[in-house]
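J.: Quick one: this structure, given as C-alpha cells, is what I'll be asking you about.
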2 protein chains.
Amino acid sequence: MMAVFSYESLHQLALEVFVSIGCPEEQALTAADALLSADLRGVDSHGVARLSGYVRLWENGRVNPRPQIRIVHETPSTAVVDGDSGLGLVVAPFAMGVAIQKAATAGTGWVSTCNSNHYGIAGYHAMRALAHDMIGLSMTNASPLVAPTFSIERLLGTNPIAVAIPAGAEPPFVADLATTTAANGKLEILQRKGAEAPSGWIQDAEGRGTNDPSATARGGALLPLGGDREHGSHKGYALGAVVDIFSAVLSGANYGPWVPPFVAFLPVAPDLPGKGIGHFFGAMRVDAFRPAADFKANMDQWIRRFRSARPVEGQERVLIPGDPEREMEGIRRSSGIPVVDAVAADLEALARKRGVNFPATMG
Amino acid sequence: MMAVFSYESLHQLALEVFVSIGCPEEQALTAADALLSADLRGVDSHGVARLSGYVRLWENGRVNPRPQIRIVHETPSTAVVDGDSGLGLVVAPFAMGVAIQKAATAGTGWVSTCNSNHYGIAGYHAMRALAHDMIGLSMTNASPLVAPTFSIERLLGTNPIAVAIPAGAEPPFVADLATTTAANGKLEILQRKGAEAPSGWIQDAEGRGTNDPSATARGGALLPLGGDREHGSHKGYALGAVVDIFSAVLSGANYGPWVPPFVAFLPVAPDLPGKGIGHFFGAMRVDAFRPAADFKANMDQWIRRFRSARPVEGQERVLIPGDPEREMEGIRRSSGIPVVDAVAADLEALARKRGVNFPATMG
C-alpha cells in the first residue's frame with residue numbers, strides 16, 4: 001500500500017504547490033526544504049502528508065503567502081519576530097537565522113516568534129545551527145490536544161523540544177521530542193491499523209485512561225510525557241507548558257487552549273489573546289564557552305561511551321538521540337520515500353487542483 | 001518518628017556547620033540559604049538531610065571550603081565559571097548571579113559551570129531570576145544512577161531541569177523536575193517503608209524492570225522519564241543527556257559515567273575527562289522580548305485558565321508547576337520543618353562532632 005517517490009520529485013512537488021498559492025520562489029524553496037526534511041528523517045506525519053493541510057489553511061485565509069516577516073523588538077541576544085501569518089515553514093527559518101546572527105556577535109541568540117503557523121519538525125530548525133559550530137534549540141506550541149495532569153480539558157499541544165549539538169568525528173547529537181508520551185502521528189498509525197494504543201498514551205472525554213486510539217476524536221486527550229502522575233506526567237506537563245510560554249507568552253502569540261488548530265475545518269477560538277501560533281529558537285556558539293575543538297573532542301568521547309554501553313537483552317545497542325533519523329535519511333535519500341496510498345492519492349488530487357505536475361514513482 | 005524544628009534553627013545549624021569546616025561567613029550564609037530552601041519547599045531529600053554528606057566530602061578533600069570562584073571565559077551573553085571545588089551551594093549562586101548580570105545588559109545570560117559539587121535543589125537557583133523580572137533556568141548533572149533507554153549501564157544522573165517564570169498578580173510558575181520517572185528521594189522513602197516501587201521506575205542489574213526499590217543498590221538503575229521505550233523513555237534519556245552536555249561538556253566538567261559520586265564512600269573514577277561536576281544556568285530578561293507588564297498580564301491569564309481547568313474525577317484541581325512547593329513553604333515557615341528521627345540523630349551527632357549547637361525542637 002505504498003508508492004515510493006524520490007526525494008527530489010516530492011521536493012519539486014511541494015515547491016510547485018507553494019509557488020501555486022502565491023509564495024515567492026525563494027520562500028517556496030525554504031518551505032519545501034523544511035517540509036521534506038520530515039519525510040527524509042522518517043517523521044512521515046509532518047512531511048508531504050501535511051501539504052494539503054497547509055494549502056487548506058491558505059484557502060481559509062489563515063496563511064499569508066507573501067508575508068513581511070520582521071523583527072519587532074530586539075536586544076543584543078534576543079529578538080521577537082512577527083511572522084505576518086506566513087507559513088511556519090518560512091517564518092521559522094527566518095527566526096532561526098536571526099538567532100544564529102545574534103549568537104555570532106553576542107555568544108547566544110534567542111528568538112520568540114508570533115503570528116506564525118505550523119513549522120514542520122522541530123529538529124530541522126535546531127539543526128541549522130550545527131554548520132556554524134553552534135548548539136541549536138527549537139520549540140513550538142501547537143493545537144490543544146493534550147490534557148495537563150489531573151485535567152479533563154485539552155490545554156496544550158504536543159509542544160516539541162529539539163536540541164542539536166555538534167560533535168567532532170561523530171555525527172551530531174539531535175534530540176527532537178514531543179512533550180507527550182506518544183506523538184499524534186503514532187496514534188494515526190494505530191487508528192489506520194485498528195490497533196490498540198498502549199496504556200498511558202491517551203485518556204477519554206471523562207479523563208479516564210483508555211486504549212482506544214480514536215478517543216482523541218471524541219473529546220479525549222493525549223497525555224503528557226510520563227502518562228500519569230505516578231510515572232511523572234506532571235513533568236511532561238511542565239515541559240509542555242514551558243514550551244508554550246517561551247513560544248507564545250514571550251512573543252505575543254496565542255497560548256494554551258487558544259492556539260489556532262492546524263486543521264482548517266476546526267474553528268479558531270473567539271477573543272484570541274495573541275497572534276497566530278508561537279515558536280522559540282536558540283543558538284549558542286560553542287566557542288562562547290570553550291574552544292570548539294575541546295568541546296567536540298569531549299562530545300565524541302561522550303557519544304562513543306554511550307553508544308558502546310552494554311545493551312539490555314533483546315536490544316542490539318544503545319542509541320544516541322538522532323541516530324535513527326540520520327540512518328533513515330541515508331536510506332531515503334538513495335532508495336526514495338515511501339508514501340502510503342491514501343497520502344499519494346491526496347497529493348495527486350492536490351497537484352491536479354493546483355495545476356502542477358504530479359511526479360512518477362521510482363523504479 | 002518526627003521532630004519538628006523551626007526554619008531559623010535549622011538554618012543556623014547549617015550556617016554554623018559550614019563555618020566550622022572553614023567556609024567564610026558570607027559563603028556559609030549563601031550555602032545555608034540554598035540548602036534550607038529544599039526543606040522549606042518539601043524536597044526533604046535535598047535539604048538538611050544532606051548536611052552530613054557535604055561535610056564528608058570536605059573530610060575526603062573533595063570540597064574546598066574557601067574556593068576562589070572565577071569566570072574563566074566570557075562573551076556578552078555567556079560565561080564559564082570554575083568553582084574551584086567549592087560547595088555547589090556556593091558556586092551555583094555565584095554562577096547564577098553572573099547569568100543575571102549578563103542578562104541585564106545583553107538581554108540574556110548563560111553560564112556553564114565546572115569544578116563544582118552538589119548544588120541542592122535546581123529550582124532555588126532558577127527562582128533567583130524572578131526578583132529581576134527575568135525567567136530563570138537551572139540544571140545540573142549528578143552521580144550516575146540512570147540507565148539510558150536499552151542500556152544496562154548507569155551513565156546519567158537524575159539531571160534536573162528547573163524553569164522559573166514571573167507572573168503579575170499570580171505567583172510565579174516554577175517547574176523543577178528530575179529527568180527520571182521518579183526522584184531518588186522517593187525510592188529512599190519506599191525503602192524505609194519496605195514498600196514496592198511502581199513499575200517503570202527502576203530496572204535491576206540485568207536491565208529488567210523491577211519493583212524492588214533497593215535494586216539500585218545492587219547494580220540496578222533509575223529509569224529516564226517515560227520508564228520504557230513504549231512510554232517515551234528515549235525522551236527522558238535525551239533530556240537528561242542535554243542537561244549533562246550543557247552542564248559539563250560546555251564547561252569542562254565531568255560528564256556521563258565519570259561524574260564524581262555525591263556519597264564520599266564511593267571512589268571517584270580514574271582518568272577523569274573534566275573537573276568536578278557541572279551546572280548550567282540561564283537568565284532571560286522578560287522585557288528583552290516584550291514589555292514586562294504585557295508578559296505578566298498574559299502569564300496571569302495562562303495561570304488562571306490552567307488552574308480553573310475541569311479536573312478528572314477524584315482530583316480537586318489542576319495544579320500550576322510550583323503550587324505544591326509554595327504551599328508547603330507557607331506551612332513550614334510558620335509550623336516548622338519535620339525531620340525524621342534518623343536524620344535528626346545524624347544531625348545531632350554532626351553538631352557534636354563539629355562543636356556547634358544543636359537546636360531544640362519546636363513547641
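Laboratory data are not the source of any read-out in this text; all were calculated from the coordinates shown. Remember, predicted model here, so these are calculated numbers, not experimental data. Counting neighbours? That spans all protein chains shown, and the Cβs are built from the backbone with ideal geometry, glycine included.
J.: In whole Hz and in residue order, list the ³J(HN,Hα) couplings for the stretch A:193-206 that follow from phi through the Karplus curve 6.51 cos²θ - 1.76 cosθ + 1.60, θ = phi - 60°; x for Gly and Pro.
T.: Coupling constants for the stretch A:193-206: 7, x, 9, 7, 8, x, 4, x, 8, 9, 10, 8, 5, 9 Hz.
J.: What whole number of Å gives the distance from the Cα centroid of the stretch A:278-350 to the Cα centroid of the stretch B:223-299?
T.: Comparing the Cα centres of the stretch B:223-299 and the stretch A:278-350, I get a distance of 20 Å.
J.: Then there is this: So if each residue of separation counts as 0.36 nm, and I subtract the Cα-Cα distance between B:GLU316 and B:MET328, what length gain in nm does that give?
T.: 2.6 nm
J.: So, R0 is 41 Å and r is the distance between the beta-carbons of A:ARG56 and B:ALA293; what FRET efficiency does that work out to, to 0.05?
T.: My answer for the efficiency is 0.65.
J.: Mind jotting down the distance between the C-alpha centroids of the stretch A:70-129 and the stretch A:8-69, whole Å?
T.: The two parts, judged by their Cα centres, are 18 Å apart.
J.: Wrap a convex hull around the Cα atoms of the stretch B:224-363, take a quarter of its surface area, and give that in square nanometres.
T.: Average of the hull's projected areas for the stretch B:224-363 equals 15.8 nm².
J.: Along Cα→Cβ at 7 Å, what distances in nm separate the A:GLN191 label point from those on the other copies, shortest first?
T.: Label-point separations across copies, in nm and ascending: 4.6.
J.: Considering the alpha-carbon set of the protein assembly as shown alone, what are its Rg and its Dmax in angstrom?
T.: 25.2, 87
J.: Also, I was wondering about something else. Please report A:MET127, B:MET1 as a ranked list, fewest other C-beta atoms within 10 angstrom at the top and most at the bottom.
T.: In order of increasing Cβ crowding within 10 Å: B:MET1, A:MET127.
J.: Add -39500 (n - 2.57) for each DSSP H run of 4 or more in chain B, then divide by its residues: what number comes out at 222 nm, to the nearest 500 deg cm²/dmol?
T.: My calculation for chain B gives -11000 deg cm²/dmol from helical runs alone.
J.: While we're here: Along Cα→Cβ at 7 Å, what distances in nm separate the A:GLY61 label point from those on the other copies, shortest first?
T.: Counterpart label points of A:GLY61 in the remaining copies fall at 7.7 nm.
J.: Another question about this same structure. Based on the alpha carbon coordinates of the stretch A:234-295, what radius of gyration and maximum Cα-Cα distance (Dmax) apply, in Å?
T.: Answer for the stretch A:234-295, Rg first and Dmax second: 16.8, 53 Å.
J.: Here is a further query. Based on the Cα atoms of chain A, what semi-axes does the equivalent ellipsoid have, where each is the square root of 5 times one gyration tensor eigenvalue, given in whole Å with the largest first?
T.: Whole-Å semi-axes of the equivalent ellipsoid: 28, 26, 24.
J.: Here's something else I'd like to know. With the Cα gyration tensor of the stretch B:182-222 in hand, give its eigenvalues times 5 under a square root as the equivalent ellipsoid semi-axes, listed largest first in whole angstrom.
T.: Ellipsoid half-lengths, sorted descending, are 15, 9, 9 Å.
J.: In the protein assembly as shown, how many lysine pairs have Cα atoms under 28 Å apart, counting only pairs 8 or more places apart or on different chains?
T.: Within the protein assembly as shown, the lysine pair count is 20.
J.: Another question, then. Measuring from the axis that superposes chain B on chain A, report the chain B residue with the minimal C-beta distance, rounded to whole Å.
T.: Nearest Cβ to that rotation axis, in whole Å: B:SER77, 2.
J.: Specify the residue with the greatest mean-square fluctuation among A:LEU57, A:LEU225, A:LEU190, computed from a Gaussian network of chain A linking alpha-carbon atoms under 10 Å apart.
T.: Fluctuation is largest for A:LEU190.
J.: Let me ask something additional. So which trypsin sites (Lys or Arg not before Pro) in the stretch B:194-237 end up in coil per DSSP with only 16 or fewer other C-beta atoms within 10 Å?
T.: The qualifying sites are B:ARG208.
J.: Just to be sure I understand the model, the point goes 7 Å from the Cα along the line to the Cβ. What's the resulting A:VAL263 to B:ASP212 distance in nm?
T.: Here the modelled spin labels are 4.8 nm apart.
J.: Another question about this same structure. From the alpha carbon gyration tensor of the stretch B:1-151, can you work out the equivalent ellipsoid semi-axes (sqrt of 5 times each eigenvalue) and give them in Å, largest to smallest?
T.: 25, 18, 18
J.: Also, I was wondering about something else. Let me confirm one metric for peptide B:216-227, namely the mean number of other chain beta-carbon atoms within 10 Å of its residues' beta-carbons.
T.: The shielding value for this peptide is 2.
J.: Further question: How crowded by other chains is A:241-251, given as the mean number of beta carbons from other chains within 10 Å of each beta carbon?
T.: Mean number of neighbouring Cβ atoms from other chains: 6.
J.: I would also like to ask the following. May I ask you to list the GluC sites (Glu not before Pro) in the stretch A:281-363 that are in a DSSP loop and have at most 16 other Cβ atoms within 10 Å of their Cβ?
T.: For GluC sites (Glu not before Pro) across the stretch A:281-363 that sit outside H, G, I, E and B with at most 16 neighbouring Cβ atoms in 10 Å, the list reads A:GLU313, A:GLU316.
J.: What ranking of B:MET299, A:MET362 emerges when the number of other C-beta atoms within 10 Å of each C-beta is taken as an exposure proxy, fewest first?
T.: Ordered by Cβ neighbours within 10 Å, fewest first: A:MET362, B:MET299.
J.: For A:GLY276, what charge total do you get from the other residues with a beta carbon under 11 Å from its beta carbon, if Lys and Arg give +1 and Asp and Glu give -1?
T.: Result for the neighbourhood of A:GLY276: 0.
J.: Test of understanding: in a Gaussian network model of chain B with alpha carbons linked when under 10 Å, which of B:THR149, B:THR158, B:THR179 would top the mean-square fluctuation ranking?
T.: With Cα springs under 10 Å in chain B, the top fluctuation among B:THR149, B:THR158, B:THR179 is at B:THR149.
J.: Take every residue in peptide A:99-111, count the Cβ atoms of other chains within 10 Å of its Cβ, and give the average of those counts.
T.: Mean shielding by partner chains, rounded to a whole number: 4.
J.: Follow-up. If we hang a label 7 Å off Cα along the beta carbon direction at B:SER335, how far is it from the matching labels on the other copies, in nm, shortest first?
T.: Inter-copy label distances (nm, one decimal, shortest first): 6.3.
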